[in-house]
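A.B. asks: Please see the structure below; I have some questions.
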Amino acid sequence: MKENLHKLLVLQEHDVEINKLDQEKQDMPQELESLKSDVSELEAILKKEMDSLEEVQTWKKNREESLTGTEERIKKRIKDLDKVTTGKDYFGLQKELEIHRKKAREHEDEILKLMEVVEERQKVVKDRKKQLDRFWKAVEKKEKGFTERMAKIDKQLEQLNKERKELSSGIPKNLMRKYNFLTSKRFPAMVEAKEERCLGCNMGIPAQKFNSLYEVSDIVECPFCSRILYIKEALEG
């Protein structure tokens, strides 16, 4: 029985490694998806910032068009001054000119402020694009690394599963059935017992059952979690 339990423990060590590699395979796509989700959030932020920049540029363009229209009206009124024949018309045109000039100054002030805002937002967009580019390069690098790692894992799993099959063939079928059944319920199925405790569920083991583990003459299960118990010194001695 000692030899069979020892073989089973070696088999379980293979299963631990197989499970570890399988879990790594499952985690990699999730990690990659998380990174891509971060990139998508950055893209959404960039879009908002670009929309904001476009909005300010539109306001600036509208003010520039308004300024151009006002300046045209000023030029026209200046020409009209040369044509007036009465003082009343002259002063009326001067008053209208002053209103247009005031409006032109307001437009100029608004345009200058909007130019500053445009420059600021252009810088934000530029920096965000650089950040996004760095993120995409990191994702591409990570994806390439995952692809290479996945290929290595597949080779390792192929070898481990081959070895597992060989190990399984040397273990009695009834013991393998028990092990496989326990493994499907809880893992690991075979755990060390120490100081009259099961290290799988951390529950106490009756003294008589614990002492029988030193004999290694039969399968001893934990009365609480049903795992196969062993004492390291007895199994390796």
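A.B. asks: Looking at the structure I just gave you, is Lys142 more than 30 Å from Cys225 (Cβ to Cβ), in contact with a helix residue (DSSP H, G or I) (Cβ under 9 Å, 6 or more places away or on another chain) and part of a helix (DSSP H, G or I)?
C.D. replies: Spelling it out, Lys142 is indeed more than 30 Å from Cys225 (Cβ to Cβ), in contact with a helix residue (DSSP H, G or I) (Cβ under 9 Å, 6 or more places away or on another chain) and part of a helix (DSSP H, G or I).
A.B. asks: Looking at Phe91, Phe146, can you tell me which residue is within 54 Å of the chain's Cα centre (by Cα) and aromatic (Phe, Trp, Tyr)?
C.D. replies: Being within 54 Å of the chain's Cα centre (by Cα) and aromatic (Phe, Trp, Tyr) holds for just one of Phe91, Phe146, which is Phe146.
A.B. asks: Might you check whether a residue that is within 14 Å of the chain's Cα centre (by Cα), within 30 Å of Val125 (Cβ to Cβ) and surrounded by 14 or more Cβ atoms within 10 Å (Cβ to Cβ) occurs anywhere in segment 24-34?
C.D. replies: Yes: one or more hits.
A.B. asks: Condition test on Glu64, is it more than 30 Å from Leu132 (Cα to Cα), modelled with pLDDT of 90 or more and either over 26 Å from the mean Cα position of the chain (by Cα) or β-branched (Val, Ile, Thr) (or both)?
C.D. replies: yes
A.B. asks: On to the next question. Got a sec? Which of Leu182, Leu167 is out of contact with any strand residue (DSSP E or B) (no Cβ under 8 Å at 6 or more places or on another chain) and hydrophobic (A, V, I, L, M, F, W, C)?
C.D. replies: Leu167
A.B. asks: A follow-up question, please. Would you check if there is a residue in segment 108-118 being out of contact with any Cys (no Cβ under 6 Å at 6 or more places or on another chain) and more than 30 Å from Ile45 (Cβ to Cβ)?
C.D. replies: The answer is yes, given that some residue of segment 108-118 is out of contact with any Cys (no Cβ under 6 Å at 6 or more places or on another chain) and more than 30 Å from Ile45 (Cβ to Cβ).
A.B. asks: Also, quick follow-up: Here is a list of conditions, (1) more than 19 Å from Glu24 (Cα to Cα); (2) modelled with pLDDT of 95 or more, and Gln156 meets all of them except one; can you say which number that is?
C.D. replies: (1)
The values are calculated or read from the model by the stated rules, or taken from the named source; none is laboratory data. These numbers were taken from a predicted model, which means no experiment stands behind them. Positions of Cβ are backbone-derived with ideal geometry, glycine not excepted, and every protein chain shown enters the neighbour counts.
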